[in-house]
Amino acid sequence: SQQGEEDPQALSIQEGENATMNCSYKTSINNLQWYRQNSGRGLVHLILIRSNEREKHSGRLRVTLDTSKKSSSLLITASRAADTASYFCATDGPNFGNEKLTFGTGTRLTIIP
Amino acid sequence: DTGVSQNPRHKITKRGQNVTFRCDPISEHNRLYWYRQTLGQGPEFLTYFQNEAQLEKSRLLSDRFSAERPKGSFSTLEIQRTEQGDSAMYLCALRSGASGNTIYFGEGSWLTVV
């Protein structure tokens, strides 16, 4: 079963608007990573946030992590047409040395020019 | 550039045939992973290697699947007697980053079994 669940499953917004995607997970984690995937392509790593961190920024991306709620959010500001893709969260843990990432089903983001 | 090269990028095969995918890390990485992704789903873990040792295998990896990593560099994933349910993208990944926690994926190999 999937550890993470992204919400919403699909999101369409106008170019220039902000996009927010959420991820919930079930067990405790060591790290949570967000990935982008364009149709038919591999996954591009966006950002990693550790379980002891609450917020991270990278360019137009802002990720928050709330371990008490077992949830994370990805905010993309000033969206562009090139941001159209599927976005996945992935967790590892709960034990140190747990090597596999567990993914959610993703959010399909469409940016309308 | 993710540092991971996968070949072939696309493969169409008839049911019952064997297929092999290859993953080439551009530089040395001691941990290498295989994932499978079907349409509309997130990737699912298949197996991972630390150097040449295969340390964990998912229940998804039936006895028709075999993965190897001779010499701890490139890796191959072979599927014998393919079935239509094997149609998916097979992704190779490496653990890297300053803290060693980031997982980087290749472009994947698409398999279509007809």
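Matching residues to (1) more than 10 Å from chain B (Cβ to nearest Cβ); (2) touching a Ser or Thr at 6+ places or on another chain (Cβ under 9 Å); (3) closer than 27 Å to B:G3 by Cα; (4) modelled with pLDDT under 95:
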site: A:G42; (1), (2), (3), (4): no, yes, yes, yes
site: A:S51; (1), (2), (3), (4): yes, yes, yes, yes
site: A:H57; (1), (2), (3), (4): yes, no, yes, no
site: A:L61; (1), (2), (3), (4): yes, yes, yes, no
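Quick check, is B:G108 crowded, with 17+ Cβ neighbours inside 10 Å, over 14 Å from the mean Cα position of the chain (by Cα) and at the interface with chain A (Cβ under 9 Å from one of its Cβ atoms)?
no
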Select, from A:G106, A:G93, A:G97, the only residue that is modelled with pLDDT under 95 and either surrounded by 22 or more Cβ atoms within 10 Å (Cβ to Cβ) or away from chain B (no Cβ under 14 Å) (or both).
A:G106
Cβ-Cβ under 7 Å, sequence separation 6+ or interchain: first residue in the stretch A:14-40 and surrounded by fewer than 14 Cβ atoms within 10 Å (Cβ to Cβ) and of a type in the set (G, A, S), partner assigned to a loop (DSSP other than H, G, I, E, B) and at pLDDT 95 or above. Which pairs?
A:G16/A:A78; A:G16/A:S79
Any idea which of B:S58, B:S66 is free of Cβ contacts under 8 Å to residues at least 24 places away in the same chain, surrounded by fewer than 23 Cβ atoms within 10 Å (Cβ to Cβ) and more than 8 Å from chain A (Cβ to nearest Cβ)?
B:S66
Facing chain A (nearest Cβ under 10 Å) and in contact with a Leu (Cβ under 9 Å, 6 or more places away or on another chain), is that true of B:L46?
yes
Flagged in the stretch A:41-60 as among the small types (G, A, S) and surrounded by fewer than 21 Cβ atoms within 10 Å (Cβ to Cβ), in numbering order, are A:S51, A:S58, A:G59
Can you find a residue that is of a type in the set (S, T, Y) and closer than 26 Å to B:F45 by Cα anywhere in the stretch A:3-23?
no
Out of the residues in the stretch B:1-54 meeting the condition of being exposed (fewer than 14 other Cβ atoms within 10 Å of the Cβ) and of a type in the set (A, V, I, L, M), tell me which one is farthest from B:S96 (Cα to Cα).
B:I12
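Can you tell me how many residues in the stretch A:61-89 are closer than 18 Å to A:S12 by Cα and either surrounded by fewer than 18 Cβ atoms within 10 Å (Cβ to Cβ) or out of contact with any Gly (no Cβ under 9 Å at 6 or more places or on another chain) (or both)?
Within the stretch A:61-89, the subset closer than 18 Å to A:S12 by Cα is A:61, A:73-88.
Now restrict to residues that are either surrounded by fewer than 18 Cβ atoms within 10 Å (Cβ to Cβ) or out of contact with any Gly (no Cβ under 9 Å at 6 or more places or on another chain) (or both): A:61, A:73-78, A:80-85.
Total satisfying the criteria: 13.
A quick yes/no check of all residues on (1) under 13 Å from the mean Cα position of the chain (by Cα); (2) within 12 Å of another protein chain (Cβ to nearest Cβ); (3) on the phi < 0 side of the Ramachandran plot:
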site	(1), (2), (3)
A:E5	yes, yes, yes
A:P8	yes, no, yes
A:E15	no, no, yes
A:T20	yes, no, yes
A:Y35	yes, yes, yes
A:R54	no, no, yes
A:K69	no, no, yes
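The values are calculated or read from the model by the stated rules, or taken from the named source; none is laboratory data. As the structure is a prediction and not an experimental result, all values here were calculated from the model. Neighbour counts run over all protein chains shown; Cβ positions are idealised from the backbone, glycine included.
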